[in-house]
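The values are calculated or read from the model by the stated rules, or taken from the named source; none is laboratory data. All figures in this text were calculated on a predicted structure; none of them were measured in a lab. Reconstructed Cβ throughout: ideal geometry from the backbone, glycine too, with neighbour counts over all protein chains shown.
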Amino acid sequence: DAYWRRTHHHATHHLFWWQGGYCPVLEIEHVPRHLQDNTHILSGYRAYYSSKRSWASLFHMHNETFDIWTHVLSCLFALGLALTLWLPSAYTYLQFADRLVLTGFLLCASMTFICSSLFHLHMCQSHNAHVFYGCLDFSGISALILGTSATISYFIFYDMPVARNSWTVVLACVNTTGIFGPLFPIWSAPHFRKLRTWSYIISGCLSSGPFLHYLILSGFHHAALPSPTQNFFMPGLILMVLFYLFGAFIYMAQFPERMKPGAFDYLGHSHTIWHIFVSIAAYSHWHALLGAAQWR
């Protein structure tokens with residue numbers, strides 16, 4: 001077809017799909033600039049794909065394959081955990097409201113993972129698709145921030161309904177902007193950059209607000225929190241933060257592909273590692289919440 005005639009001279013690997021046709025992958029110098037985000041990844045790129053061919057590439061090897069599947073599998077795992085919450089014999093110490101809150105977190109995490117997967121799957125179609133699915137990816141990030149911070153607020157203010165409900169409303173309002181804002185074209189407009197940036201800064205700062213507020217109310221007394229040797233709430237939160245920070249450091253440093261460009265094009269590059277650490281961090285938070293529920 002016309003697409004194949006444009007690109008076959010530069011293809012480094014041809015992959016056949018009985019519905020999508022050929023799924024060629026290209027070297028970095030032959031793809032549009034908006035796909036050249038990491039100059040240390042030299043090959044395995046998809047470009048100018050149709051929607052049908054993008055879906056077909058889900059089952060073939062390219063430099064986004066593991067970025068996609070790490071979060072597809074994480075999404076399925078989170079949904080599976082959500083289902084186990086409602087088994088009659090599971091988590092018998094949880095109240096009905098606790099199950100709803102925990103389910104909400106897992107659904108937020110699932111949204112994050114699926115939005116990320118859709119971005120990495122369809123970003124290769126065009127610049128407009130890259131922008132649209134990139135915005136969808138940001139919506140998913142805001143959903144995870146909301147799910148993480150709101151669930152902490154729920155459990156630490158378990159016996160303080162006014163503080164709990166107030167923080168829930170504040171967090172929901174701020175993060176709803178980050179969830180639904182990217183779905184409108186103005187969100188990605190250059191003149192909207194400052195407001196967009198501030199919305200994420202405020203969202204990130206407020207996410208730690210409930211925990212700090214609780215410590216202030218309790219006078220920073222160690223007895224106000226469960227013992228880390230007997231309950232996983234605090235260790236889980238600390239591990240979550242460490243996993244996020246370490247994963248973000250790897251992502252920003254573009255390690256290990258920076259050390260040997262081209263060697264990690266398909267497997268083991270920084271974005272895949274970042275995805276894995278995001279998934280582990282979310283799982284740590286899940287266990288922290290179970291510890292918080294036992295504590296309360």
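All of Ala263, Ala224 fail the test of being hydrophobic (A, V, I, L, M, F, W, C), closer than 30 Å to Thr65 by Cβ, surrounded by fewer than 16 Cβ atoms within 10 Å (Cβ to Cβ) and not assigned by TED's automatic domain parsing to the domain that holds Glu27, apart from Ala263. Met240 satisfies every condition listed in (1) touching a residue at least 40 places away in the same chain (Cβ under 8 Å); (2) under 22 Å from Asn63 (Cβ atoms) except (2). Restricting attention to the stretch 246-271 and to residues that are part of a helix (DSSP H, G or I) and closer than 19 Å to Glu27 by Cα, the residue that is farthest from the chain's Cα centre (by Cα) turns out to be Ser270. Quick check on the stretch 104-121. Is at least one of its residues within 11 Å of the chain's Cα centre (by Cα), surrounded by fewer than 21 Cβ atoms within 10 Å (Cβ to Cβ) and either outside the structural domain of Pro226 (by TED's automatic domain parsing) or over 17 Å from Ala293 (Cα atoms) (or both)? Yes: one or more hits.
Give me the residue from the stretch 27-46 that is touching a strand residue (DSSP E or B) at 6+ places or on another chain (Cβ under 7 Å) and not in a helix (DSSP H, G or I) and, out of that set, nearest to Leu121 (Cα to Cα). Here the residue is Arg46. When each of Ala282, Ala248 is tested for being on the phi < 0 side of the Ramachandran plot and crowded, with 19+ Cβ neighbours inside 10 Å, the lone residue that passes is Ala282.
Asn165 falls short on exactly one of the conditions (1) surrounded by fewer than 17 Cβ atoms within 10 Å (Cβ to Cβ); (2) within 22 Å of the chain's Cα centre (by Cα), and that condition is (2). Consider Arg258 carefully, then state whether it is loosely packed, with under 13 Cβ neighbours inside 10 Å and farther than 24 Å from Leu58 by Cα. Considered against the rule, which asks whether it is loosely packed, with under 13 Cβ neighbours inside 10 Å and farther than 24 Å from Leu58 by Cα, Arg258 comes out as no.
For the criterion of being of a type in the set (A, V, I, L, M), closer than 14 Å to Ile152 by Cα and touching an Asp or Glu at 6+ places or on another chain (Cβ under 8 Å), Ala288 fails. Check whether at least one residue in the stretch 190-204 is crowded, with 16+ Cβ neighbours inside 10 Å, farther than 19 Å from Ile141 by Cα and either assigned by TED's automatic domain parsing to the domain that holds Ser142 or touching a helix residue (DSSP H, G or I) at 6+ places or on another chain (Cβ under 8 Å) (or both), and report yes or no. No, the conditions are met nowhere in the stretch 190-204.
Being under 28 Å from the mean Cα position of the chain (by Cα) and either modelled with pLDDT of 90 or more or surrounded by fewer than 17 Cβ atoms within 10 Å (Cβ to Cβ) (or both) holds for only one residue in His30, His9, His14, His71, and it is His71.
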